[in-house]
Amino acid sequence: MSVLPPAPFGRMITAMITPFGADGALDESGAAALAAHLVDVGNEALVVNGTTGESPTTSDAEKARLVRVVVETVGGRARVLAGVGTNDTAHSVELARAAAAAGADGLLVVAPYYSRPPQAGLVRHFSLVADATDLPVMIYDIPVRTGVPVESETLLRLAEHPRIVAVKDAKGDLAASSRILARSDLAYYSGIEELTLPLLAIGGCGVVSVASHVATRAIRAMIESFAAGDAARARALHDALLPAFEGIFRTQGVILAKAALAAAGLPAGPVRPPLVDATAAEIARLHADLATVPGLDVALKPESSHGHRFAVVAAGESA
């Protein structure tokens, strides 16, 4: 019997990169192939059009196409959450409706960035987006990027909305998260890789991960070990995964996630400006980080070690 609370979107979720072609155009076939791969290795849900999906640089039309492609590819096998958060409430409402029309199973809504609205503004923003469709909503609380935290009392107010069911917690305040978990039914997903296991210990239900582009099996094994009551094995897996968590985020997570996927022969492509692709030195450092982590979904090709290339690990194999 699981010691973890219910998880409305599943426990293992990847915040998926958006594959682009060499010319920077949306790679729809690549997105389909990558989504299928990520579900094959154990993801129960995918977030598309999030920050890791380079949502600030994709058009509304591209966002809708990406949702539709991923739903058509993995719908029925995994849930598809669409990132629809912007710093314009009306625009977020439009994106939410478009995502629903494209077949999304849920919405990820980040706090409005840069404008730093007061807490009353956050309540209104999230509520209006949640009112726009019948889809369940996950709030994304990441003040280091948005400039404004979603305060505890605000989250408790929002928990009263029938469609606001979860939080992607990237605030890094486990004491505050613990208090909200004790006073609401919100499902808490870790948005900081290293804090996934600690969050599970205080009542979290899963993770929305970037490192899972290469480490889904190992991260899922950590969660399942804890859920089964094997805290020692979960701790051992957490410790083993730390170099992957740190390695992917030495620069923007999408940059190195795309570098790792490309090295493994999976769809990725370049990043769009103002981001820049990983340097050779950054890729070499990532290779060194990942080479120490057992049980990854990609493995270093021994014959190509100096080129820092990886191969996809088939189901049943070990990296």
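The values are calculated or read from the model by the stated rules, or taken from the named source; none is laboratory data. Worth saying up front: this structure is predicted, and the values here are computed from it rather than measured. Methodologically, a virtual Cβ is constructed for each residue, glycine included, from the backbone with ideal geometry; neighbour enumeration extends over all protein chains shown.
If only residues of the range 1-43 that are in contact (Cβ under 8 Å) with a residue 60 or more places away in the chain and β-branched (Val, Ile, Thr) are counted, the one that is nearest to VAL137 (Cα to Cα) is ILE13. Just the residues that are surrounded by fewer than 22 Cβ atoms within 10 Å (Cβ to Cβ) and not in a loop (DSSP other than H, G, I, E, B), please, taken from the range 140-151. The answer is PRO143, VAL144, ARG145. The conditions of being assigned to a loop (DSSP other than H, G, I, E, B), of a type in the set (Val, Ile, Thr) and closer than 24 Å to PHE249 by Cβ are not met by THR14. The set of residues in the range 299-319 being under 13 Å from ALA262 (Cα atoms), modelled with pLDDT under 85 and either β-branched (Val, Ile, Thr) or part of a helix (DSSP H, G or I) (or both) consists of GLY307 alone. Number of residues in the range 163-222 that are assigned to a helix (DSSP H, G or I), of a type in the set (Ser, Thr, Tyr) and under 24 Å from GLU246 (Cβ atoms) equals 4.
No other residue among VAL110, VAL137, VAL123 is in contact with a helix residue (DSSP H, G or I) (Cβ under 7 Å, 6 or more places away or on another chain) and within 24 Å of ALA268 (Cβ to Cβ) apart from VAL110. Does GLY265 fit the bill of being crowded, with 19+ Cβ neighbours inside 10 Å, on the phi > 0 side of the Ramachandran plot and touching a residue at least 24 places away in the same chain (Cβ under 8 Å)? Answer is no for this residue. For ALA166, the stated conditions hold: it is touching a strand residue (DSSP E or B) at 6+ places or on another chain (Cβ under 7 Å) and aliphatic (A, V, I, L, M). Can you find a residue in the range 65-85 that is surrounded by fewer than 23 Cβ atoms within 10 Å (Cβ to Cβ), farther than 21 Å from ARG145 by Cβ, among the hydrophobic types (A, V, I, L, M, F, W, C) and in contact with a Lys or Arg (Cβ under 6 Å, 6 or more places away or on another chain)? Among the residues of the range 65-85, not one is surrounded by fewer than 23 Cβ atoms within 10 Å (Cβ to Cβ), farther than 21 Å from ARG145 by Cβ, among the hydrophobic types (A, V, I, L, M, F, W, C) and in contact with a Lys or Arg (Cβ under 6 Å, 6 or more places away or on another chain), which makes the answer no. Here is the figure for the range 44-79: residues that are more than 24 Å from THR251 (Cα to Cα) and touching a residue at least 24 places away in the same chain (Cβ under 8 Å) total 20. Restricting ARG217, ARG183, ARG179, ARG233 to those that are among the basic types (Lys, Arg), modelled with pLDDT of 95 or more and within 27 Å of ASN49 (Cα to Cα) reduces the list to ARG217.
Scanning the range 268-294 for residues being surrounded by 19 or more Cβ atoms within 10 Å (Cβ to Cβ), in a loop (DSSP other than H, G, I, E, B) and among the hydrophobic types (A, V, I, L, M, F, W, C) gives a total of 4. Considering (1) surrounded by fewer than 16 Cβ atoms within 10 Å (Cβ to Cβ); (2) at pLDDT 95 or above; (3) not polar (S, T, N, Q), the lone condition that VAL3 does not fulfil carries the number (2).
Among residues of the range 231-247 that are under 11 Å from THR292 (Cα atoms), those with a Cβ under 7 angstrom from a residue that is outside any helix (DSSP H, G or I) and at pLDDT 95 or above, sequence gap 6+ or separate chain, pair up as ALA244/ALA211.
Scanning the range 125-169 for residues that are of a type in the set (Ser, Thr, Tyr) and over 20 Å from ALA104 (Cα atoms) yields THR146, SER152, THR154. Among the candidates ARG77, ARG68, ARG97, the residue that is of a type in the set (Lys, Arg) and in contact with a Gly (Cβ under 7 Å, 6 or more places away or on another chain) is uniquely ARG68.
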